[in-house]
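Everything on this sheet refers to the single structure shown next.
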Amino acid sequence: MTVHDILIPGAGAGVIAFLAWFFFGVKSSAAAHSHDAEAPTSDAAAARLAEDDFAVTGMTCNSCALSITRALERLEGVQAADVSFVSGRARVTYDPAVASPDAIEERVDDAGYEATWAPADTAPDPNAEAAKQAQEAEALRRRFVVSLLFTLPVFWGAMGMGWLPTPHFLMNPWVQLALTTPVVAYSGLKFYRGMWAALRHRAADMNTLIGLGTGAAFLWSLFATAFPQVLTAQGVAPHVYYESVGVILTLILLGRLFEARAKGQTGAALSKLVRLGAKTARLLENGGERDVPIETVRVNDTLLVRPGEKVPVDGVVLTGASALDESMVTGESLPVEKAEGDGVIGATLNRTGAFTMRATRVGRDTMLSQIITLVRDAQASRAPIQRLADRVTSVFVPVVLMIAVAAFVGNLLWGPEPRLTQAFTHMVAVLIIACPCALGLATPTSIMVGTGKGAEMGVLIKGAEALEAAGTLTAIVLDKTGTVTEGRPALTDVAPAPGVDEADLLRWVGSAERHSEHPLAEALTQGATARGIELAEPTRFESLTGLGLEAEVEGRTLLIGNARLLAERNVATEEWTETARRLSEEGKTPIYAAADGKMLGVLAVADPVKPSSAEAIRDLQRLGLSVAMLTGDNRRTAEAVAAQVGVVRVLAEVMPDKKQDEVKRLQASGDSVAMVGDGINDAPALAAANVGIAIGNGTDIALEAADIVLMRGDLRGVADAIALSRATLRNIRQNLFFAFVYNGLGIPLAAGALHPLTGWTLDPMIASVAMALSSVSVVTNALRLRGFRTRRTSPPDPPQPRIRPATARARSA
């Protein structure tokens, strides 16, 4: 009987038994999970569910994350689990009456990893997570150094270095065994532990491939070292592969080290946000001041902020004035003037004057904490495009195991001599070169960098689904008031009658209107004071409903209102008809002013278009998007505004409760629609759209309903968000293409498919280099997104929205 007679039946039976056990376990658990997922959940049960985050360490690739996910989903009481390798976090939804954080941590530990609970009601602490990641990276570096130091002499003894004579004792298999054992037992221990933990749960991951490949090579070498005569008697040369084991583990650890450093850079934007926060605040109390830790500041505390200091928390200016640099939060590069009564954002930089402030939001309620939470959640979320990679990754390792066995058996039967050596080499090469890591990293790394870059620009994307959907938009619907326009009436035109000074007209009208509560009156008063006009106190004031007002100012009886008011008082207005018509066609409201029965002139008030709106709409059109404007205003006003900004399609006189119907009508025509708005009446339309985009100076409910939030009122942020989304999707497709091509070409080459035609074979050491480079290249490509550039150049428009983190929703027309 030959070695072939022993190996082939034994290997075949063993492999069949292993695969049957493995697939039966996977199928059973998957079916169980599917059954659980389909089981109806009552409202009461849903109300009991808790959702918490866990920091997970020890993962080496995305297949590790999938293994943890499967392990958690099999835990009784767990409703859903989402584990992200890139962010190193797990989000678990569970029933507290059945499961507990301790049980979840124990299950993760049992799977071969480590989890740390982060309760949902605690503020995010990425600093602690970063410290833990740094500690893990340092441990990885130590394992690599040990592996390198012990592997170099083994490689020298086995391969020789040509230019350097090889000491004879390094060629001794027992010496090589002694040097390789620390590499396997220390540097590679984590791979073998991970492999064993995965197999115990009838799962397989990247650790399985590395552990089986290097473990088989080490055990074969150990047997050949201890019992060479057994192999020799069977006509098989007792080759050892210690140098392959050492070099493979060393190169894989080097790749992991590069990958960890590159992956750390993908979270640079989030780390930068964390570092923005102030560490202390200057508290004013009992007539004195003292520095206190930022964690001790409470709502309504009075704080002092000096020039050059960071604003400690969100609040309102009580006394003093200054200019604040809000670029770190809003993306705006120019300082923003602040005075008494103005809101300030925590972590922004005070440039000039000192001021006191009252704290309004502290801890996890500050805008910075909300942004950190939102960005972190978005980076950990999964995009629909990732599902394909996840499906492939979930079956990848079992398929590779079968290919490795097939390569071994095929080369043993029909391969070149020495067949056993060639068969073993090809099997190990297949196990080592196969890399689900590249597939698993392709999507989350791009999403992490893309959402982080958006946060730097003041564009907050609430999840991977929103990011992907924004990249496929075909139509944009813009709410007019507060989105395209400023959202508040302002004085736009002053046309005095012959012989009337413009300053006098503004003084009389502004003074007469100063006690009126009408929005147009406020616009007239503010317009006059903004032009440096000093207003007088009216001695008599009477509001005329539906017409205007009558007032006594500086001895003159003034009538200010519409044409109907002046016609009732017999004031001739025929000469002003053309002026009023022209102003009306421009979307402005003409206001007549007369004194003592004679016309003083005509003024106009309108909701002015934002300076950046026209350029923003041109940017959207250049992106190939169809742009429509939606408003409840009359068609004449709406078309006048649309003409100023270059919008052709106008949806006017639409009641608030009908806005979502217009969005659905566009969706029914085949468009993927984004709704951009800022008001309460925009919320239903924002929710109905494929992507809801809220202008940052809008209302809380609009921000809550939106998938993307623009931290400033600049409409050009919409084009930035869409362009960034498209760039991120391109990056993801590039990564997926590379990962699929790499595995599609690498695995057959490692299996020896080209050897009969070309004589090419792939050494396992070369395979380990290729495997390491595949993951590093995917992460490096994702990092290119950090170079994405924005077009923003507009003047500052600082908002202070309250951002509530939310999970992006999948939308359908």
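What ranking, highest mean first, results for peptides 567-575, 279-287, 212-220, 718-726 when packing means the other Cβ atoms within 10 Å averaged over each residue? Could the numbers behind the result be given before it?
Numbers: 567-575: 12.7, 279-287: 14.2, 212-220: 22.0, 718-726: 24.0.
Peptide ranking by packing, descending: 718-726, 212-220, 279-287, 567-575.
On the accessible surface of region 480-555, probed at 1.4 Å, how many percent belong to carbon and sulfur atoms?
C and S atoms contribute 47 percent here.
Label-to-label distance for Arg786 and Glu114 is 2.7 nm, based on points extended 7 Å past Cα in the beta-carbon direction.
Could you order Met195, Met367 by accessible surface area, starting with the largest, using a probe radius of 1.4 Å? Spell out each step's value before the answer.
Numbers: Met195 30, Met367 5 Å².
Correct descending sequence by accessible area is Met195, Met367.
The residues of region 702-751 expose on average 27 square angstrom of accessible surface per residue, using a 1.4 Å probe on protein heavy atoms.
Once you order the gyration tensor axes a ≥ b ≥ c over the Cα atoms, which shape class does region 480-543 get: rounded for a/c under 1.5, otherwise prolate or oblate by comparing a/b with b/c? Because a/c hits 1.5 or more and a/b fails to exceed b/c, region 480-543 counts as oblate. For region 533-603, the solvent-accessible area with a 1.4 angstrom probe is 52 square angstrom per residue.
Sort 605-613, 511-519 by the packing proxy (mean of other Cβ within 10 Å over each peptide's residues), most packed first. Display every interim value, and only then the final one.
Numbers: 605-613: 21.1, 511-519: 18.6.
Order by mean packing, descending: 605-613, 511-519.
Placing unit charges on each Cβ (+1 for Lys and Arg, -1 for Asp and Glu) gives region 413-515 a dipole about its Cα centre, and among Pro496, Ala438, Thr474 the Cα reaching farthest toward its positive end belongs to Ala438.
Taking the solvent-accessible surface of protein heavy atoms with a 1.4 Å probe, what is the per residue accessible area of region 392-526 in Å²? Please list the in-between numbers first.
Working: 3990 Å² over 135 residues.
Here the residues of region 392-526 average 30 Å² of exposed surface.
Separation between the Thr166 and Ala131 pseudo-spin-labels, each 7 Å from Cα along Cα→Cβ, expressed in nm? For the pair Thr166/Ala131, the computed spacing is 4.9 nm.
Past the 29 Å Cα-Cα mark, which pairs from Lys453/Lys658; Lys462/Lys659; Lys462/Lys588; Lys338/Lys453; Lys338/Lys480? Intermediate values should be presented prior to the final figure.
Numbers: Lys453/Lys658 35 Å; Lys462/Lys659 23 Å; Lys462/Lys588 37 Å; Lys338/Lys453 27 Å; Lys338/Lys480 27 Å.
Pairs exceeding 29 Å: Lys453/Lys658; Lys462/Lys588.
The values are calculated or read from the model by the stated rules, or taken from the named source; none is laboratory data. No experiment lies behind these values; they were computed from the predicted model shown. A quick note on method: Cβ atoms are made from the backbone with ideal geometry, for glycine too, and the neighbour counts reach across all protein chains shown. Accessible surface areas use protein heavy atoms only, side chains included; no ligands, DNA or RNA. Shrake-Rupley method; radii C 1.70, N 1.55, O 1.52, S 1.80 Å.
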